[in-house]
Structure formats: structure tokens, C-alpha cells
1. Does region 1-18 include one or more residues that are closer than 30 Å to residue 96 by Cα, in contact (Cβ under 8 Å) with a residue 40 or more places away in the chain and open to solvent by 70 Å² or more (accessible area, probe 1.4 Å)?
2. Only residues that are free of Cβ contacts under 8 Å to residues at least 60 places away in the same chain and under 16 Å from residue 57 (Cα atoms): list them for region 86-106, please.
3. For residues that are touching a residue at least 12 places away in the same chain (Cβ under 8 Å) and farther than 27 Å from residue 43 by Cα, tally how many sit in region 55-81.
4. Hey, could you check region 1-41 for residues that are part of a loop (DSSP other than H, G, I, E, B) and touching a Ser or Thr at 6+ places or on another chain (Cβ under 8 Å) and say which is farthest from residue 93 (Cα to Cα)?
5. Name the residues in region 41-74 that are farther than 16 Å from residue 105 by Cβ, buried (at least 19 other Cβ atoms within 10 Å of the Cβ) and among the small types (Gly, Ala, Ser), would you?
6. Picking from 53, 37, 128, which residue would you name as being modelled with pLDDT of 95 or more and among the small types (Gly, Ala, Ser)?
7. Residues that are of a type in the set (Asp, Glu) and modelled with pLDDT under 95: does region 79-93 have at least one?
8. Inside region 75-118, can you point out the residues that are among the polar types (S, T, N, Q) and open to solvent by 80 Å² or more (accessible area, probe 1.4 Å)?
Amino acid sequence: MPRLPPTAYALLLHMMTAQEPGGLVVATHDELATSLAMERGMISRAMPHLVAARLVSVVRRGRFQLHPMIAAFNDPREQRAAVAALPRDMRLDEGDFEDEYEHRLELHQAEKARKAQARSKGTVTPLAPKLKRVQ
């Protein structure tokens with residue numbers, strides 16, 4: 001397990017207790033903050049650590065998905081199927097988990113710094129549009 005900030009651990013444990021079967025957590029940052037008696041900003045600062053560690057992914061505003069290897073399922077067969085469907089590079093037991101977390105967190109922080117610098121210069125460059133999921 002990577003050395004996450006204490007607020008990230010608290011947030012993860014709360015999300016694990018609030019999840020629906022399969023790992024979906026339906027809550028906004030404000031709702032998570034209220035549940036944990038924290039400020040919203042603390043949640044916003046903790047969430048990138050969980051995402052970089054691949055423990056949580058953001059589905060959309062107010063919807064988060066816990067990684068299948070830590071999510072609760074109604075049946076162990078459902079969890080085995082979800083884990084088997086993961087690409088090898090998304091499994092938590094492959095490679096060096098902590099190195100991967102630190103690398104992803106560095107990328108997030110660099111992107112955040114780039115955006116802040118662009119805002120301060122008034123030259124925000126648009127990112128590539130997000131592709132819609134095909135189902």
C-alpha cells in the first residue's frame with residue numbers, strides 16, 4: 001500500500017463503507033466532507049491520491065468507482081469476474097504498486113501546475129476533448 005496522506009485513508013475507508021455492491025459510491029465531495037466532518041477542500045486534496053493509487057476512479061460528478069480488487073460484491077464470483085476482466089496494468093498486484101502511485105501522482109501534480117501557470121498568464125490551452133464511451 002502506498003504512503004497515502006491520512007485524509008486519503010479516511011476517505012477511502014468511508015467510501016468502502018458507503019459503496020453499493022460492485023464498488024459504486026454515489027456522493028459529491030460536499031456529501032463526503034459532511035460525512036467525514038471535514039472541509040470540502042480536504043476531500044478535493046485527498047481524492048487525487050486515491051485516483052493515482054488506482055483505488056478509486058471518477059465516473060462523473062458525484063459518482064466514484066472503487067477498484068474491483070477492493071470493492072464489495074454480492075457474490076465472490078462477481079468479484080472474480082470483475083478482477084479477471086481487468087487489463088494486467090490495472091491490477092493492484094502487478095508491478096510495483098508504490099512506484100506506479102508516485103508516478104501517477106507526479107503526473108497529476110505537473111498537470112495541475114501547468115494549468116495554474118496557464119491561468120496566471122491568461123493562456124489556458126484546451127485539452128483534447130474526452131471521448132464518449134461506446135457501449
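The values are calculated or read from the model by the stated rules, or taken from the named source; none is laboratory data. The structure displayed is predicted, hence computed values, not measured ones. Because the Cβ atoms are built from the backbone with ideal geometry, glycine has one as well, and the counts that use them run over all protein chains shown. With ligands, DNA and RNA removed, areas are computed over all heavy atoms of the protein, side chains included. Shrake-Rupley method; radii C 1.70, N 1.55, O 1.52, S 1.80 Å.
1. So in region 1-18, the residues closer than 30 Å to residue 96 by Cα come out as 1-18.
Within this subset, residues satisfying the condition of being in contact (Cβ under 8 Å) with a residue 40 or more places away in the chain are 1-5, 8, 12, 15-16.
Going one step further and asking which of them are open to solvent by 70 Å² or more (accessible area, probe 1.4 Å), we end up with 1, 3.
Within region 1-18, one or more residues are closer than 30 Å to residue 96 by Cα, in contact (Cβ under 8 Å) with a residue 40 or more places away in the chain and open to solvent by 70 Å² or more (accessible area, probe 1.4 Å).
2. Looking only at region 86-106, we keep the residues that are free of Cβ contacts under 8 Å to residues at least 60 places away in the same chain, and these are 86-96, 99-100, 103-106.
Selection gives 86, 87, 89, 90, 91, 92, 100, 104, 105.
3. Filtering region 55-81 down to residues touching a residue at least 12 places away in the same chain (Cβ under 8 Å) leaves 55-56, 59, 61-74, 78.
Still in the running and farther than 27 Å from residue 43 by Cα: 74, 78.
The total comes to 2.
4. Filtering region 1-41 for residues part of a loop (DSSP other than H, G, I, E, B) gives 1-5, 19-23, 27-28, 37-39.
The next check asks that each one be touching a Ser or Thr at 6+ places or on another chain (Cβ under 8 Å); those that pass are 27, 38.
Numbers: 27: 28, 38: 31 Å.
Checking each candidate, the answer is 38.
5. Once the filter is applied, which keeps residues that are farther than 16 Å from residue 105 by Cβ, buried (at least 19 other Cβ atoms within 10 Å of the Cβ) and among the small types (Gly, Ala, Ser), region 41-74 yields only 71.
6. On the way: 53 fails: modelled with pLDDT of 95 or more; 128 fails: modelled with pLDDT of 95 or more.
Criteria check complete, one pass: 37.
7. If we filter region 79-93 for residues that are of a type in the set (Asp, Glu), which is where we start, we get 89, 93.
From what is left, the residues that are modelled with pLDDT under 95 are 89, 93.
Yes, that holds for at least one residue.
8. Taking region 75-118 as the starting set, the residues that turn out to be among the polar types (S, T, N, Q) are 79, 109, 117.
Answer for region 75-118, where residues must be among the polar types (S, T, N, Q) and open to solvent by 80 Å² or more (accessible area, probe 1.4 Å): 109, 117.
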